[in-house]
1. Looking only at the range 70-84, which residues are assigned to a helix (DSSP H, G or I) and surrounded by fewer than 19 Cβ atoms within 10 Å (Cβ to Cβ)?
2. Go through the range 109-128 residue by residue and tally those that are under 26 Å from residue 36 (Cα atoms), surrounded by 13 or more Cβ atoms within 10 Å (Cβ to Cβ) and free of Cβ contacts under 8 Å to residues at least 12 places away in the same chain.
3. Failed condition for residue 42, given (1) part of a helix (DSSP H, G or I); (2) in contact with a helix residue (DSSP H, G or I) (Cβ under 8 Å, 6 or more places away or on another chain); (3) surrounded by 13 or more Cβ atoms within 10 Å (Cβ to Cβ); (4) in contact (Cβ under 8 Å) with a residue 40 or more places away in the chain, with all others met?
4. Here are some residues: 147, 189. Which one is under 30 Å from residue 79 (Cβ atoms), buried (at least 18 other Cβ atoms within 10 Å of the Cβ) and either without any contact (Cβ under 8 Å) to a residue 60 or more places away in the chain or within 19 Å of the chain's Cα centre (by Cα) (or both)?
5. Could you list all residues from the range 50-62 that are over 22 Å from residue 109 (Cβ atoms) and free of Cβ contacts under 8 Å to residues at least 40 places away in the same chain?
């Protein structure tokens, strides 16, 4: 067979490469993990007793909004990190926006409150529960995203792991907001941020060990 005939035969049987499947898989896995995590929260902790009355109040919406914004940005970066040639690190500053908004709201709240109320606004009674619950429930989406990362080709594995941890913590924040009874802005800005940072560090440390080629 001549070379020209071989090329013609190969090109005739070729199919377009589906480059969007990884993006679709990322968002579908995230939605499935969110549903599973929310189910775990409701099964193990239950919804807060007054959820029907407060679910549309600013503090409850803010917790879900923080988790959703962090998860959306991190998932976009996570997907990009699975494809060589893209540069998700250039968009990392976007991740600071949700935390800056939360911090600004917290500072405004503290500025308006007497100093003797600051301890209650910052700590409340549930800060330890937040630091335990968010990382614990984030393990479900983190496992899902780490499994998905093995189907991609991440070049910067610590970055991929950090993005997976951030996204997982964001999803866990949404789920935990169904139960969390702490509604102050300083609580949200401090303890949720610390919990999200813990999961981000965990992802950056663990995922590179799972993706050794």
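The numbers here are math on the coordinates, done by the rules we state, and not lab data. Computed from a predicted structure; not experimentally measured. Because the Cβ atoms are built from the backbone with ideal geometry, glycine has one as well, and the counts that use them run over all protein chains shown.
1. Result: 72, 76.
2. 0
3. With (1) part of a helix (DSSP H, G or I); (2) in contact with a helix residue (DSSP H, G or I) (Cβ under 8 Å, 6 or more places away or on another chain); (3) surrounded by 13 or more Cβ atoms within 10 Å (Cβ to Cβ); (4) in contact (Cβ under 8 Å) with a residue 40 or more places away in the chain applied to residue 42, the lone miss is (2).
4. 189
5. If the condition is that a residue be over 22 Å from residue 109 (Cβ atoms) and free of Cβ contacts under 8 Å to residues at least 40 places away in the same chain, then 52 is the only one that fits.
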